[in-house]
Amino acid sequence: MSNDGDAPRIRIRRASTSTGAGGDAALLAELGARTFYETFVESCRPEDMRAYLDAAFGTAQQQAELADARSTFLIAEARDVDETAVAVGYAKLFASDETPDCVAGSRPVELARLYVARERLGSGAGARLMRELLVAARRAGHETMWLGVWEHNERAIAFYRKWGFEVVGEHVFQVGDDPQNDLLMARKLETV
């Protein structure tokens, strides 16, 4: 994947689907749980957070998601001082057969996750991930991308608006026993 001038030390790669030590399931389980926790710890009760993390980010769950042919995972890596690659963010596209009625357009794909580690916000990793997601979705023949974002996550909403997403509806996103309201946003993919 590319490495352009806006974030020269960020590299985007596809996640490895192999099982065992060569695969990325454990990395995605750790990174996914950590970034979700960092993003929402102040807005969730501890028991709801734990229930969601346990259900969504176990290594077995990530291995199953990686093995699903409808999923595409990208990992953002930065080089640390000794030039070791460190995962600082990730994203997941999901080509589901079920799309909310409010999402118009043919061949839609869901941007199911896009998270960057708190200490790397503003580094360009999120923009690099988004650019690669848009290209990957279009290459796969999708014409619309949609996502759900918590209605109070103003930083993420502003980020998605910058990339051409518009609010088209809403739905409930369950975090443990806490039903939260997500905005549904979508954009056409004819221009990437």
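The values are calculated or read from the model by the stated rules, or taken from the named source; none is laboratory data. All of these numbers come straight from a predicted model, not from anything done at the bench. Note: ideal-geometry Cβ built from the backbone for every residue, glycine included; neighbour counts use all protein chains shown. Please note that ligands, DNA and RNA were not included when accessible areas were found on the heavy atoms of the full protein model with its side chains. Shrake-Rupley method; radii C 1.70, N 1.55, O 1.52, S 1.80 Å.
Can you give the FRET efficiency to the nearest 0.05 for Ala158 and Ala64, using r as the Cβ-Cβ distance and R₀ = 45 Å?
0.85
Can you give the accessible area of Glu154 in Å² (nearest 10), computed on protein heavy atoms with a 1.4 Å probe?
Only protein atoms counted, so the area is about 140 Å².
How many Å² of accessible area per residue for region 118-172, probe 1.4 Å?
With the other protein chains kept in place, region 118-172 gives 53 Å² per residue.
For Lys162, Lys188, write out the residues from largest to smallest accessible area, computed with a 1.4 angstrom probe and no ligands counted.
So, going from the largest accessible area down, we get Lys162, Lys188.
Hey, with R₀ at 22 Å, roughly what FRET efficiency would Glu190 and Asp97 work out to, going by the Cβ-Cβ distance, to 0.05?
In this case the efficiency is close to 0.45.
Okay, helix-only estimate at 222 nm for the chain: each DSSP H run of n ≥ 4 adds -39500 (n - 2.57), divide by all residues, round to 500 deg cm²/dmol; what do you get?
It lands at -9500 deg cm²/dmol.
Here are some values of mean projected area of the Cα convex hull in nm²: (1) 10.9; (2) 10.2; (3) 17.5. Which one was computed from this structure?
Recomputing mean projected area of the Cα convex hull in nm² here picks out (1).
Under 11 Å from the Cβ of His152, count the other residues' Cβ atoms, weight Lys and Arg +1, Asp and Glu -1, and hand me the total.
-3
In the chain, carbon and sulfur make up what percent of the accessible area (probe 1.4 Å)?
Here it works out to 50 percent.
Please list the non-local residues whose amide H lies under 5 Å from the amide H of Ala117, H modeled 1.01 Å from N, same-chain partners needing a gap of 5 or more.
Gly89
Roughly how many whole Å is it from the C-alpha centroid of region 121-143 to that of region 176-191?
Computed from Cα coordinates, the inter-centre distance equals 16 Å.
Heavy-atom accessible area of Tyr52 with all protein chains present, probe 1.4 Å, nearest 10 Å²?
The accessible area comes out at roughly 40 Å².
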